[in-house]
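S.K.: I have a structure I would like to understand better, so I am pasting it below and will then ask my questions one at a time.
The values are calculated or read from the model by the stated rules, or taken from the named source; none is laboratory data. Bear in mind that the values here come from a model prediction, so they are computed numbers and not experimental data. Cβ placement follows ideal geometry from the backbone for every residue including glycine, while neighbour counts extend to all protein chains displayed.
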Amino acid sequence: MKKVFLTLYCLAITGIVTVNAQAPANQQPNAPVPAGGAPMAAPAPAAAPTPDPDAGVFKFKEETHDYGEVLEGPLAECEFTFKNTGKKPIVITEAHGSCGCTVPKWPTEPILPGKTGTIRVSYNTQGRQGPIMKDITINSNAKQQPMVLHIRGNVKPKPVDPNAPVAAPAPAPQPVPAANAPVAPAPQPAVQPGHEGHKH
């Protein structure tokens, strides 16, 4: 009787082990499973916004302005004129230069289709000798998003004024004797010959 009981017990243990071994290897015990039993699918990526085919279009007379040679000191200024060749108004929300020395000014009112607008750019040449290579980025609702303009040129050093006063050179410093240096005795008056010990 004991042998029969042990045999049944061993068969039951073997069956449990076999069932567990046949479970899917890639099934995660903690993975969320919906009520239907099917695994949850990953969310689809957000679709990119569709460009407006009727949006305004920048048409600039020039996208790069060359100052040529400019002197250091005064502001170097220029204007970029454009026309809206699209079907909807262009609204410029913001514009900025690639550094603080480049400052753009843009129209705040909408530029209607067929109308023109102007973007004015000032470049500070003070202390900036050498090549000018700066960009101006324009953010708007136009098809060109963003629109980037460029300024180029070269800043020459300002000439020296020949009539400018020349600063006098600083006097050379006087040597300071050391604290422990010996002091030379004061010179004594010379005694005339024949007057040694003579009293008047």
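For every residue, the table says whether it meets (1) modelled with pLDDT under 95; (2) surrounded by 10 or more Cβ atoms within 10 Å (Cβ to Cβ); (3) farther than 21 Å from G73 by Cα; (4) among the acidic types (D, E).
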position: D135; (1), (2), (3), (4): no, yes, no, yes
position: S140; (1), (2), (3), (4): no, yes, yes, no
position: P159; (1), (2), (3), (4): yes, no, no, no
position: A167; (1), (2), (3), (4): yes, no, yes, no
position: P175; (1), (2), (3), (4): yes, no, yes, no
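S.K.: Let me ask something else. Report yes if some residue within the range 66-85 is more than 30 Å from Q129 (Cβ to Cβ), modelled with pLDDT under 95 and charged (D, E, K, R); otherwise report no.
M.R.: No, the range 66-85 has no match at all.
Every residue, every condition in (1) of a type in the set (G, A, S); (2) under 31 Å from the mean Cα position of the chain (by Cα); (3) modelled with pLDDT of 95 or more; (4) farther than 28 Å from D135 by Cβ, yes or no:
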position	(1), (2), (3), (4)
I16	no, no, no, yes
A25	yes, no, no, yes
Q28	no, no, no, yes
A38	yes, no, no, yes
P51	no, yes, no, no
E62	no, yes, yes, no
H96	no, yes, yes, no
P104	no, yes, yes, no
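S.K.: Which residues, taken from the range 48-92, are out of contact with any Asp or Glu (no Cβ under 6 Å at 6 or more places or on another chain), charged (D, E, K, R) and in a loop (DSSP other than H, G, I, E, B)?
M.R.: Within the range 48-92, D52, D54, K61, E62, E63, E72 meet the criteria.
S.K.: OK, next. Within the range 64-84, restricting attention to residues that are among the β-branched types (V, I, T) and exposed (fewer than 14 other Cβ atoms within 10 Å of the Cβ), which residue is farthest from the chain's Cα centre (by Cα)?
M.R.: In this case the residue turns out to be T81.
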